[in-house]
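All remarks here apply to the structure that follows.
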Amino acid sequence: MISPQKEKMALPKLVTGSKGFTFVEVMVSLVILCCGIVLIYKSFFLCADYLNNLTYRLYASSLIDEKVGDISESFAEWPAKDLNFGDNVVILEINHKPIRFTYDIHLNPLGDVKSVWQLDVNIYWLDGPRNMHMERSAYMLR
């Protein structure tokens, strides 16, 4: 017995008639790809900037702690020896760039208590276009 005419299973005509992507599809995919690349590129430089900022802050923190320690030692020998605040400017090379750290130091007796002195140490530096600073205070007994 002969069966009725067999029909072939075929793909829809839209797919079989397609010879590739349209120009609009290619352009949309390129725009999406370029936006992703630009965002990755920007985030890389943003992370590098944050890393530099953190590096400068770590150096400044170390410098300011060292300065407070040096002044505390000098204060212990004062008035027999002159009070030594040290240099007000330190230039360090960080990541092959010279960075200038500037100190602002104030030592004053506390208002009502004459034997307690307040030491305020501020440090300033430039991080690209930004003026950065850090400060520490300490109290010393006389």
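So how strong a dipole does the stretch 72-114 carry about its Cα centre when Lys and Arg Cβ are +1 and Asp and Glu Cβ are -1, to the nearest 20 debye?
The dipole magnitude comes to about 120 debye.
Helix-only mean residue ellipticity at 222 nm, the chain, DSSP H runs n ≥ 4 weighted -39,500 (n - 2.57), per residue, nearest 500. What is it?
-15000 deg cm²/dmol
Treat every Asp and Glu Cβ in the stretch 28-141 as -1 and every Lys and Arg Cβ as +1, leave all other atoms uncharged, and give the resulting dipole magnitude about the Cα centre to the nearest 20 debye.
So the magnitude is around 520 debye.
With viscosity set to 0.692 mPa s and temperature to 37 °C, compute the Stokes-Einstein D of the chain, Rh being the Kirkwood radius across alpha carbon pairs; µm²/s, no decimals.
153
Between the stretch 98-142 and the stretch 60-87, how many Å separate their Cα centres?
11
Please report the orientation-averaged projected area of the stretch 81-142, defined via the convex hull of its C-alpha atoms, in nm².
Average projection, Cα convex hull of the stretch 81-142: 5.5 nm².
How many lysine pairs in the chain, separated by 8 or more positions in sequence or lying on different chains, have Cα atoms less than 24 Å apart?
Within the chain, the lysine pair count is 6.
Which angle between 0 and 90 degrees, to the nearest 10, do you get for helix 23-77 versus the longest principal axis of the chain when only C-alpha atoms count?
Value to nearest ten degrees: 10.
FYI, it's all coordinate maths here, none of it is from the lab. These numbers come from a predicted model, not from an experiment. Neighbour counts are summed over all protein chains in view; Cβ atoms, including those assigned to glycine, are modelled from backbone coordinates with ideal geometry.
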